[in-house]
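Beneath this line is the structure, given in structure tokens, with notes to follow.
The values are calculated or read from the model by the stated rules, or taken from the named source; none is laboratory data. Treat the numbers as computed from the prediction; the structure is a model and nothing was measured. Heads up, the Cβs are rebuilt from the backbone with ideal geometry, glycines too, and the neighbour counts pull from every protein chain shown.
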Amino acid sequence: MTNSIAEIEDAGCIFIIGSNTTACHPLIARRVYRAKEKGAKLIVADPRRIQLSRFADVAVQHRLGSDVALLNGMMHLIIANGWQAADYIQERTEDYAELEKTVREYTPEKVAAITGVSVDDIQHMAEIYATNSPAALLYAMGITQHTTGVDNVKSCCNLAMLCGNVGVAGGGVNPLRGQNNVQGACDMGGLPNVYSGYQLVNDIKSNEKFAKAWGRPLPDKPGLPVTAMIPAMLEGKLKALYVIGENPKLSDPDRNHLNHALEKLDFLLVQDIFLSETAQAADVVLAACSMAEKEGTFTNTERRCMRIRKAIDPLADTLPDWQILCRLSSALGYEMNYADPEAIFNEMAALTPSYAGMTYARLGLDGLQWPCPNADHPGTPYLHRHQFARGKGKFHAIGFLEPAELPDDEFPYFLTTGRMFAHFHTGTMTRISPNLNVEQTTGYVEIHPDDALAEEIRDGDMLTIASRRGEMEAPARITPTVRPGTLFLPMHFGENPTNILTSAEALDPIAKIPEFKVSAVKIRKFSEQMGKIPEETGAADPVEADAAAGSR
Amino acid sequence: MKARVRRWLEEGTVDVFIGYRQVDGHPLPYCFTRENLDALDGLINSPARYALEKIATHLASRQPDLKIGILSLDTNRRALNVLGIWNQINPENITTVDADDAASGVATPDDMRTFEPVVPGPYKQQVGIDNAMSPADAEAFDQSERFSRWMYEFEKCIKCYGCRNICPVCFCRECSLEHRDLIGTGPLPPDVPIFHLVRAVHMAGRCIDCGLCEEACPADISLRLLYRKVNQILDNVFEYQTGSDPGQPPFSLLGNQVTLEPKPLDADK
Amino acid sequence: MECELVPSVCSYCGTGCGVLFEVIDKELAGTLPMKTHPVNEGKLCIKGWNLHEHINSPLRLKQPLVRSFGRFLKTGWDEAIAIAARRFREIIDQYGPESVGVLVSAKITNEENYLAMKLARAVLGTNSVDHCARL
């Protein structure tokens, strides 16, 4: 997030696109409620009618994958009405002319045709966003998990800069991160091309800096992102994989493809607190302890680095992940000896400018928001205050592109995926929590009443959903929250794995993020398939299905 | 006062004393024991309230004869009365220290983070139920407006169960809010208004108007007002003032004629 | 009887709510919202309130496992680490460091992510480090 969670309360307008905030980031949704009650305007754009839509001044359900068109349409109207922040654009940004030229083509009528949103609604959205500053834009995976993910994000930035909303309190472009420490994992260099603090591996200076600090020469060519690792496994180029605290068997696209790739590995090492679907395929499983059994820090979505503290001793013969890593490193001939996580933190902070001013003592219970470059720095509630990190904010003229896959005669439905409120990601943590599991014990597929009527589907009927990659079953939940022609599947349920259906090839060309939010599928009632032998239904192999059942 | 708690711990009047201490500028609940008497120097009063008596019930359920001291406000004492009536604690094992008694000598540090209660915004006042309203004010709206205002509040619910979880007098092992035949599961918001009304009904004779539910509600729903109304009805109909008297048995709700004594078989003859 | 309320941060979504773990006699008895935390101000969602449940799950792994003839065998740390180190060494010697990939985690701490990245780059010699930020 460019801005802070608490600042949302003081926004003049909140624009939520591609985030089901009350279900996935409930304590951020709280700030949205508070802002709304204090008088802020609320705009919600989501292919589903989400809980926050009920409270919005304008709520639209745009067609899956049409985000760029919708945002360009808003910008078209903002410029046409002269609502843009001319001084801000002049002083703080560049390449505005190209943006203006591109969005000129996105007339309300054209955008309405692409997105399915009425001209009136687009006009309202544009006016409300542009005339109630500061406007905070909130988005989540509904923006990023597309072949045009980077385009979508850049379009959000264009809109925010156009109205002078970046670098002001209560404004900003605010991606809501889905995992507790996904921000930290990125900050710490858990990416193929950067060390901690986004220092490039192929930059000679930073390469030398880390090589010197670590006492080893370091590879200077960026490595493979996870979405490229899978093809590399299939080609036999990637032979060994070390997976720490992840469950790609459920979270990665195209499960059949991935299973095949994992089988090709010579060695799979998995480190986790549960025997996840992925751990079940491992050669060696390292048993890590939980977050309540160790010390360390997490960095939340507003860049706030906070300490976690040890509450209980590690279970049985489990170890904190940091101790496992130290042991493995030492066994590989590189001694790692740290007295405690604080010693690791201090080593990291010394190498990472944005964390350089942080110590455990300074973090306290409130934490500090990076950048925090020195010991006197109070942390940074919002970014780009006086100027952009890169100097001038750059507008990117972006045209609308269709998703990789659109419904056709054979696969007539749009499918999108996401989370529901009581479960989390692949369900490894929530489905074994009795109070959470009771809220939703099985997977389901949301279908609009009109479609249900046409297909003669009743609530609870088991449906077979098939894409070009595979097929799976889930009971129908008939609800008007999805648009006719669109289905929604939650991703938490291993026995109804959404990633059987989604594509591993439809990736954003830059971010390599898979297009989980748009696939084309067909449905049929499962009962019609009764009598079919299990192998042909494309279900996971029986051994694995048993194991998955055992983990519930 | 700290000296008094120290003496209690030393002499065995209490085995554990539940109060607050300051950690990195935040007031956090803390259990003082005789194994670490020096920690008592850090005993403070907290402007941010936690359900200390709920911690006490958790301890008592594990060790029923444990003698527990609690730094108490008026609300804590009312909760303890209810918990005693419902056999969740044994009042004989509980000793309280008056936190709002200036003479107690337990200070509230100035440099500490505090908790700011909800200030209802203008939009909420326009369409919802202002948290500061009295039940009479809320009833002054005509029926359809009252309904739409309450529904506005309930539809914000994210089903965190925080109102129940934080509640010092919610102790049932099986909760009606999780009864599938009563309240559906799956979507957000939960079934409204049934979810909130089921809880409200169950607050009759239980709610001691401490307001912790409202402070825990991510959606700022005016829960305190709702439960206050329920207990007002209870007072009007049964003259039952929840939590006011540790000796008041719950069954007096049904009148003095009802007892748990077995009826003699020849009673009707 | 010992009871402690240990401050921590919720490990579900990226919001980063402050929690207190209620620890009674070294057991995790519950999770409470931290009343004065700057992020959540004494409130939590359903997942946060039940954060302790997954930690208390009987399905937790309790020791390292090694696959032998298709089945998992329980083992100790020395053996598990030795096998992992040997297999990585063999594969790197035969196919080069680029034949190894590491998936770090959005669930482990910053310190651990830093070490995992350091291990991948300085020890295994590969930049193929990634995590599920995209997924």
Would it be correct to say that A:Leu406 is within 14 Å of chain B (Cβ to nearest Cβ), assigned to a loop (DSSP other than H, G, I, E, B) and surrounded by 13 or more Cβ atoms within 10 Å (Cβ to Cβ)? no
Residues satisfying the stated conditions in the range A:330-346, i.e. surrounded by 13 or more Cβ atoms within 10 Å (Cβ to Cβ), within 18 Å of C:Asp93 (Cα to Cα) and not aliphatic (A, V, I, L, M): A:Ser330, A:Tyr334
Of the conditions (1) buried (at least 24 other Cβ atoms within 10 Å of the Cβ); (2) of a type in the set (Gly, Ala, Ser); (3) over 23 Å from A:Ser251 (Cα atoms), the single one that C:Ser68 does not satisfy is (1)
Given the range A:26-122, what helices (runs of 4 or more DSSP H) lie entirely inside it while holding 1 or more residues that are surrounded by fewer than 19 Cβ atoms within 10 Å (Cβ to Cβ), among the hydrophobic types (A, V, I, L, M, F, W, C) and out of contact with any helix residue (DSSP H, G or I) (no Cβ under 6 Å at 6 or more places or on another chain)? A:67-80, A:86-92, A:96-104, A:108-115
Within the range A:350-370, how many residues turn out to be in a loop (DSSP other than H, G, I, E, B), free of Cβ contacts under 8 Å to residues at least 60 places away in the same chain and at negative phi? 5
Do we find that B:Lys2 is basic (Lys, Arg) and buried (at least 23 other Cβ atoms within 10 Å of the Cβ) in this structure? no
Are any residues in the range B:127-150 within 14 Å of chain A (Cβ to nearest Cβ) and surrounded by 17 or more Cβ atoms within 10 Å (Cβ to Cβ), and if so, which ones? B:Gly128, B:Ile129, B:Asp130, B:Asn131, B:Arg149
Lone qualifier among C:Lys62, C:Lys47, C:Lys107, C:Lys43 - being part of a loop (DSSP other than H, G, I, E, B), over 30 Å from A:Glu335 (Cβ atoms) and either within 7 Å of another protein chain (Cβ to nearest Cβ) or in contact with a Lys or Arg (Cβ under 6 Å, 6 or more places away or on another chain) (or both): C:Lys43
With criteria (1) surrounded by fewer than 24 Cβ atoms within 10 Å (Cβ to Cβ); (2) of a type in the set (D, E, K, R); (3) at the interface with chain C (Cβ under 7 Å from one of its Cβ atoms); (4) touching a residue at least 40 places away in the same chain (Cβ under 8 Å), A:Asp321 comes up short on (1)
Just to check your reading of the model, which residue among B:Ala39, B:Ala107, B:Ala48 is farther than 30 Å from A:Arg31 by Cβ and outside any helix (DSSP H, G or I)? B:Ala107
Suppose the filter is closer than 26 Å to B:Cys217 by Cβ and either more than 7 Å from chain A (Cβ to nearest Cβ) or out of contact with any Pro (no Cβ under 7 Å at 6 or more places or on another chain) (or both); does C:Gly70 pass it? no
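Residue-wise test of (1) within 30 Å of A:Met291 (Cα to Cα); (2) modelled with pLDDT of 95 or more; (3) hydroxyl-bearing (Ser, Thr, Tyr).
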residue: A:Arg419; (1), (2), (3): yes, no, no
residue: A:Thr428; (1), (2), (3): yes, no, yes
residue: A:Pro434; (1), (2), (3): yes, no, no
residue: A:Glu439; (1), (2), (3): yes, no, no
residue: A:Pro449; (1), (2), (3): no, yes, no
residue: A:Glu455; (1), (2), (3): no, no, no
residue: A:Met462; (1), (2), (3): no, no, no
residue: A:Pro490; (1), (2), (3): yes, no, no
residue: A:Glu495; (1), (2), (3): yes, no, no
Could you list, ordered by first residue, the pairs with Cβ atoms under 9 Å in which the first is in the range A:285-302 and within 29 Å of A:Asn174 (Cα to Cα) and in the same structural domain as A:Leu363 (by TED's automatic domain parsing) and the second is surrounded by 24 or more Cβ atoms within 10 Å (Cβ to Cβ) and acidic (Asp, Glu), at least 6 apart or interchain? A:Glu295/C:Glu111; A:Gly296/A:Asp321; A:Gly296/C:Glu111; A:Gly296/C:Glu112; A:Thr297/C:Glu111; A:Thr299/A:Asp187
Are any residues in the range B:103-126 within 11 Å of chain A (Cβ to nearest Cβ) and surrounded by fewer than 16 Cβ atoms within 10 Å (Cβ to Cβ), and if so, which ones? B:Val119, B:Pro122, B:Gln125, B:Gln126
Qualifying positions in the range A:435-463 - surrounded by 20 or more Cβ atoms within 10 Å (Cβ to Cβ) and among the polar types (S, T, N, Q): A:Gln440
Take the residues in the range A:409-422 that are in a loop (DSSP other than H, G, I, E, B) and farther than 15 Å from B:Leu188 by Cβ; name whichever of them is nearest to the other protein chains (Cβ to nearest Cβ). A:Phe411
Filter result for the condition that a residue is under 16 Å from the mean Cα position of the chain (by Cα) and over 30 Å from C:Leu115 (Cβ atoms), over A:Ile143, A:Ile114, A:Ile128, A:Ile122: A:Ile143
Among the residues of the range B:86-102, is any surrounded by 14 or more Cβ atoms within 10 Å (Cβ to Cβ) and more than 26 Å from B:Asn165 (Cα to Cα)? no
Only one of C:Lys74, C:Lys47 is without any contact (Cβ under 8 Å) to a residue 40 or more places away in the chain, under 27 Å from A:Glu302 (Cβ atoms) and within 20 Å of the chain's Cα centre (by Cα), namely C:Lys47
Test for A:Pro222: is it over 13 Å from C:Val100 (Cα atoms) and at pLDDT 95 or above: yes
Enumeration of residues in the range A:423-451 that are more than 8 Å from chain C (Cβ to nearest Cβ) and of a type in the set (Phe, Trp, Tyr): A:Tyr444
Quick check: is even one residue across the range B:64-72 of a type outside the set (Asp, Glu), surrounded by 22 or more Cβ atoms within 10 Å (Cβ to Cβ) and either part of a helix (DSSP H, G or I) or without any contact (Cβ under 8 Å) to a residue 12 or more places away in the chain (or both)? no
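When the range C:65-100 is examined, which residues are found to be among the hydroxyl-bearing types (Ser, Thr, Tyr) and either in contact with a Lys or Arg (Cβ under 8 Å, 6 or more places away or on another chain) or in the same structural domain as C:Gly125 (by TED's automatic domain parsing) (or both)?
Listed by number, the residues that qualify are C:Tyr95, C:Ser99.
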Mind checking whether some residue in the range A:381-403 is part of a loop (DSSP other than H, G, I, E, B), touching a Pro at 6+ places or on another chain (Cβ under 6 Å) and closer than 30 Å to B:Gln22 by Cβ? no
